[in-house]
Amino acid sequence: MRHRIAVVGSGPAGLTFARVLRRHDYPVTVLERDPAPDARPPGGTLDLREGLGQLALDKAGLLAEFQALSRPEGQAMRILDPDGTVLRDWRPRPDERANPEIDRGQLRDLLLGPLDVRWGRAVTQVVPGTRDGVLVHFADGRQETFDLVVGADGAWSRVRPAVSSVTPHYTGITLVETSLDDVDTRHPDLARLIGDGSVAVYGVNRALVAQRNSGGHVKVYAQFRAPLDWHTDLDLDDVEAVRSSLLALFDGWAAPVLDLLRHGTAFAHRPLYVLPVSHTWAHVSGVTLLGDAAHLMPPLGAGANLAMLEGAELAESIATGSRDLDEAVRAFEERMWARAGRWAKMTTAGLERLVSPDPAEALALFDEVQPS
């Protein structure tokens, strides 16, 4: 029996879930609120880890294509003191494949492949337990029922309220993102500073991180502890006002480091929210969650990897398992909660050390996790 299954959200979790189901010739409906794949900027680069994101792509039959697109050299990491002194300069071996980088847009297109996504279908509410199954309400007033609805719709999931009343809370740390284009030609000094991968500079309760994407594009993230309303007297749409505010915040740092902000083209405000470390819920028949919808955690390289592996594992359980649908989902949730709880604990502790009153904590964390 083939069940009516929908996944809400076309991020890495939802698309991996759908691709693995499709590989097993199992039908699935992908619902996405955005009107088209390129309706929003796809974001920065991701490192996909062996045993997590790469394993998920293998289950989807896409590992070889990923390896052709990914950038193993993007694993390089350089750490500077605010005065510009190089403290660490780690470069991967030529055969290092533990965490190669890939642009989010490239990963999205790889996962999309032949999938038939219903674009512009914004979900507003999911109601389990109706006579015909799980009822999905859409923003345009339409409704549709499914046997299983998988919420892969991110931090502010519209599916989550069907299983949990918990909402994300602010960590006390804010990111302001900017970017540099054609960095090798337009800003060769910064290109050398960043190298093939990332450069990070850690100060007291603040940090600057620049990460190379493909095509000479660089994402820059200013990170700092602040109340959620820190920008009350600042117009976030005023590029020069935001730039001046950030330069004041990082006053005294080396000029080449501050050039990462001086040459930024636009600024996006991204306060960091998380779900509780051990977020679980009483199982609800017909509804479950993946990725950030289930376990939003600090962005330290685990979230997308976990989300993709969860999508692949749930799809395999449904398509190839001997259990009925509800038993397969229930067993999956137990595995997901245990693994995600461990990663949420690690990333929460990691964020506290990376944006810390003692910058030496960030360096110590790097030494603990980086291959020797």
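The values are calculated or read from the model by the stated rules, or taken from the named source; none is laboratory data. Bear in mind the structure is a predicted one, so any value in this text is a computation, not a measurement. Because the Cβ atoms are built from the backbone with ideal geometry, glycine has one as well, and the counts that use them run over all protein chains shown. To get the accessible areas, we keep the full protein, side chains included, count just its heavy atoms, and leave off ligands, DNA and RNA. Shrake-Rupley method; radii C 1.70, N 1.55, O 1.52, S 1.80 Å.
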All other residues with a Cβ under 12 Å from the Cβ of PRO82 taken together, and with Lys, Arg as +1 and Asp, Glu as -1, what is their net charge? -2
How far, in degrees from 0 to 90, does helix 12-23 lean away from the longest principal axis of the Cα atoms of the chain, to the nearest 10? 40 degrees
Out of all DSSP beta bridges in the chain, what portion is antiparallel? Express it as a percent rounded to 5. 75 percent
Rolling a 1.4 angstrom probe over the protein heavy atoms, how many square angstrom per residue are accessible across region 228-372? 45 Å²
Segments 147-153, 20-26, 231-237, 47-53 sorted - mean Cβ within 10 Å per residue, highest first: 147-153, 47-53, 20-26, 231-237
For the chain, what class follows from the C-alpha gyration tensor (a ≥ b ≥ c being the square roots of its eigenvalues): rounded when a/c is under 1.5, otherwise prolate if a/b is larger than b/c, else oblate? prolate
Roughly how many nanometres apart are two label points built 7 Å out from the Cα toward the Cβ at ASP326 and ARG93? 5.1 nm
Per residue Cα convex hull volume for region 78-235, in cubic angstrom? 219 Å³
Using a 1.4 Å probe on the protein heavy atoms, what percent of the accessible area of the chain belongs to carbon and sulfur? 49 percent
With all protein chains present and a 1.4 Å probe, the order of GLU144, GLU32, GLU368 from largest accessible area down is GLU368, GLU144, GLU32
Rg(Cα) / (2.2 N^0.38 Å) computed for region 30-131, rounded to two decimals: 1.46
Give me the mean projected area, in nm² to one decimal, of the convex hull enclosing the Cα positions of region 218-372. 12.9 nm²
Prolate/oblate/rounded call for region 163-241, Cα gyration tensor, a/c under 1.5 rounded: prolate
Could you calculate the FRET efficiency of GLN67 with ASP259 from 1/(1 + (r/R0)^6), where r is the beta carbon distance between them and R0 is 35 Å, rounded to 0.05? 0.55
Contour minus Cα-Cα span, ARG270 to MET346, at 0.36 nm per residue, comes to 25.2 nm
